[in-house]
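K.L.:
First, the structure itself, so that you have it in front of you.
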Amino acid sequence: MNPASLESFLALIYADPAARARFKADPAGEAQRAGLSPEEALALSSLNWSDLQLASRSFANKRRAKSLSKRGRGLWQRCLRALRLAS
């Protein structure tokens with residue numbers, strides 16, 4: 001078992017809706033095409049689909065919140081700089 005390959009594949013199906021759809025259609029085949037062993041592919045084919053969708057939505061919300069937070073900090077920093085320049 002290659003843990004890095006398994007983690008990369010899981011990250012892909014959590015983050016990419018198209019990859020998740022391909023995985024749903026053919027779990028074992030998609031895992032094997034990603035370079036995972038037949039045993040890993042078989043184990044992944046038994047993942048609970050509802051849990052996978054829930055986790056993917058949770059990760060998407062976290063990525064979105066992080067992105068918004070970074071943009072908000074940038075705006076706040078620009079406002080502070082503008083205030084310093086104006087004084």
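K.L.:
What residue, of 43, 60, 31, 55, is of a type outside the set (Asp, Glu), assigned to a helix (DSSP H, G or I) and without any contact (Cβ under 8 Å) to a residue 12 or more places away in the chain?
P.N.:
43
K.L.:
Could you run through segment 19-55 and say how many residues are among the small types (Gly, Ala, Ser), in contact with a helix residue (DSSP H, G or I) (Cβ under 7 Å, 6 or more places away or on another chain) and surrounded by 14 or more Cβ atoms within 10 Å (Cβ to Cβ)?
P.N.:
Residues in segment 19-55 being among the small types (Gly, Ala, Ser), in contact with a helix residue (DSSP H, G or I) (Cβ under 7 Å, 6 or more places away or on another chain) and surrounded by 14 or more Cβ atoms within 10 Å (Cβ to Cβ): 7 in total.
Read-outs throughout are calculated quantities, based only on the coordinates presented, and are distinct from any laboratory measurement. Given the structure is predicted, the values throughout are model-derived calculations rather than measurements. Cβ: placed from backbone, ideal geometry, glycine included. Neighbour counts: every protein chain shown.
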